[in-house]
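Okay, so here's the structure we're looking at.
The values are calculated or read from the model by the stated rules, or taken from the named source; none is laboratory data. Treat the numbers as computed from the prediction; the structure is a model and nothing was measured. Cβ: placed from backbone, ideal geometry, glycine included. Neighbour counts: every protein chain shown.
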Amino acid sequence: MITTTGLTKVYRSRGREVTALDGVDLHVREGEVYGVVGQSGAGKSTLIRCVNLLERPTSGTVTVAGQDLTALAGRGLRAGAALREARSHIGMVFQHFNLLSSRTVQSNIELPLEILGLSGQERRRKALDLLDLVGLADKAKAYPGQLSGGQKQRVGIARALAGDPKVLLSDESTSALDPETTRSILQLLRDLNQQLGLTVLLITHEMDVVKTICDSAALMKGGRVVESGTVAELLATPGSELAAELFPVGGEPSGPDRTVVDVTFHGEAATQPVISQLSRTYNVDISILGAAMDTVGGKQVGRMRIELPGRFEENVVPIGFLREQGLQVDVADVHTPAPADALLKEGAK
Ligand SMILES: Nc1ncnc2c1ncn2[C@@H]1O[C@H](COP(=O)(O)OP(=O)(O)OP(=O)(O)O)[C@@H](O)[C@H]1O
Ligand SMILES: [Mg+2]
């Protein structure tokens, strides 16, 4: 539904150049909720603004619903109308809502419909339908100033849906909201995604948002996408930074010459019996350093960090056993205390 290839954006201001996007290839499938995370300045907002051509990419292409927007943007005046038309099918939701305070809620939603040239009656009907959809049927005549943050964002979402978009872009749409309201807005986005088959590309700095509603995610750093995939794929990628952030399993090894492995399991796969079986079969003492179990993208996922005595070379067979059971096993690259540290700890005991 959304594809970017080699997307690059270089800002030039006062003789300085900032490469905000550096060759981004993004693939968002139809009907999925796709999250983009990354630190401040990573290029997330620039990416989303380039996807709907609010920002003109320096190079690369953006295709939305099979239409090459970058080609449209490059074709002069007549193409301007075509680009506007294509853009009207991409909804955008903002962190600070961007509602007009002098207009009623209904009139805010009617605004893009006026631009699309709908009659007064059509606009009214559509606006009221959208308000109903976002759960604000009784607020049509209210002004934005009379609404809570969550209600304002619902209006923002209703307005974004006015052009019957196939794609909804959201830049930190829950960042100004408290946790409870955030949950309700995320639920609304999920419902819209499922009811309308809407594809959602959202930017967030909260891993919880990804955990709650995203099917796929990408991690940006310095204008590049450094990791991407479905949440299940990410969890199955050894050393994935996103997986580790989605699923933090802490736990430091208890001493030198220990092998620490992270075991990931999806769905019903029961780890516990496998671990005790391993312990019995190979007669090894296994300590569980940390464990987490949660629902990610609607699927049960668990991770467990365990410790085996001895170096990795001595544990090749037990690790092989775990893999044979269909579990995903990553040998964790954790700091092993230096002998001095261990001695100090021993001394403290
Ligand atoms: N209009 C602009 N002119 C010059 N530089 C810009 C402009 N917009 C963004 N940048 C620079 O591009 C880089 C990426 O900015 P961007 O706003 O995309 O980051 P972000 O990931 O959205 O960050 P945040 O999480 O803080 O919103 C930053 O170094 C920023 O300073
Ligand atoms: Mg931003």
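A few remarks follow.
- Checking each residue in the range 211-266 for being farther than 21 Å from T3 by Cα and assigned to a strand (DSSP E or B) picks out R258, T259, V260, V261, D262, V263, T264, F265, H266.
- Residues of the range 160-188 classified as buried (at least 19 other Cβ atoms within 10 Å of the Cβ), more than 24 Å from R125 (Cβ to Cβ) and among the aliphatic types (A, V, I, L, M), total: 4
- Output for the range 204-232, where each listed residue is more than 23 Å from T174 (Cα to Cα) and either free of Cβ contacts under 8 Å to residues at least 12 places away in the same chain or of a type in the set (A, V, I, L, M) (or both): V226, A232
- Pick from the range 13-51, criterion more than 11 Å from ligand 1 (Cβ to nearest atom) and more than 18 Å from the chain's Cα centre (by Cα), ranking: modelled with the lowest pLDDT: G15
- In summary, V93 fulfils each of the numbered conditions (1) crowded, with 16+ Cβ neighbours inside 10 Å; (2) over 29 Å from L131 (Cβ atoms) with the single exception of condition (2).
- Residue within the range 176-195 that is in a loop (DSSP other than H, G, I, E, B), touching a Leu at 6+ places or on another chain (Cβ under 9 Å) and under 19 Å from T230 (Cα atoms) present: no
- Condition check for Q106: in the same structural domain as S175 (by TED's automatic domain parsing), within 22 Å of L188 (Cα to Cα), surrounded by 18 or more Cβ atoms within 10 Å (Cβ to Cβ) and more than 30 Å from the chain's Cα centre (by Cα): yes
- Among the residues making up the range 198-210, a single one is at pLDDT 95 or above and not in a strand (DSSP E or B): L198.
- Leading residue by the ranking (modelled with the lowest pLDDT) among those in the range 231-286 that are among the charged types (D, E, K, R) and crowded, with 20+ Cβ neighbours inside 10 Å: D262
- When A243, A232, A217 are checked against the criterion of being of a type in the set (A, V, I, L, M, F, W, C) and closer than 18 Å to V24 by Cα, a single residue qualifies: A217.
- Any hit, the range 206-218, residues being crowded, with 23+ Cβ neighbours inside 10 Å and more than 18 Å from G38 (Cβ to Cβ): no
- Meeting the requirement of 2 or more residues that are closer than 24 Å to T204 by Cα and either within 16 Å of ligand 2 (Cβ to nearest atom) or basic (K, R) (or both), the helices (runs of 4 or more DSSP H) wholly within the range 1-104 are 44-51.
Listed here are the residues, each with its yes/no results for (1) in contact with a Ser or Thr (Cβ under 9 Å, 6 or more places away or on another chain); (2) surrounded by 15 or more Cβ atoms within 10 Å (Cβ to Cβ).
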{"site": "G15", "(1), (2)": "no, no"}
{"site": "E30", "(1), (2)": "yes, no"}
{"site": "Q39", "(1), (2)": "no, no"}
{"site": "K44", "(1), (2)": "yes, yes"}
{"site": "V64", "(1), (2)": "yes, yes"}
{"site": "H89", "(1), (2)": "no, yes"}
{"site": "F97", "(1), (2)": "yes, yes"}
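- Of the residues examined, V263 is one that is among the β-branched types (V, I, T) and within 30 Å of E32 (Cβ to Cβ).
- Residue identified as away from ligand 1 (no atom under 16 Å from the Cβ) and farther than 20 Å from L100 by Cα among G229, G223, G150, G163: G229
- Checking the stated criteria, V51 turns out to be of a type outside the set (S, T, N, Q), on the phi < 0 side of the Ramachandran plot and surrounded by 20 or more Cβ atoms within 10 Å (Cβ to Cβ).
- Checking L118, L128 one by one, the residue that is outside any loop (DSSP other than H, G, I, E, B) and either more than 16 Å from ligand 2 (Cβ to nearest atom) or within 29 Å of A65 (Cβ to Cβ) (or both) is L128 and no other.
- The condition of being loosely packed, with under 14 Cβ neighbours inside 10 Å and away from ligand 1 (no atom under 11 Å from the Cβ) holds for only one of G60, G74, that being G74.
- Test set (1) over 30 Å from S228 (Cα atoms); (2) outside any loop (DSSP other than H, G, I, E, B); (3) modelled with pLDDT of 95 or more; (4) not polar (S, T, N, Q) - L113 fails condition number: (3)
- Of all residues in the range 117-132 being of a type in the set (A, V, I, L, M, F, W, C) and touching a residue at least 24 places away in the same chain (Cβ under 8 Å), the one that is surrounded by the most Cβ atoms within 10 Å (Cβ to Cβ): A127
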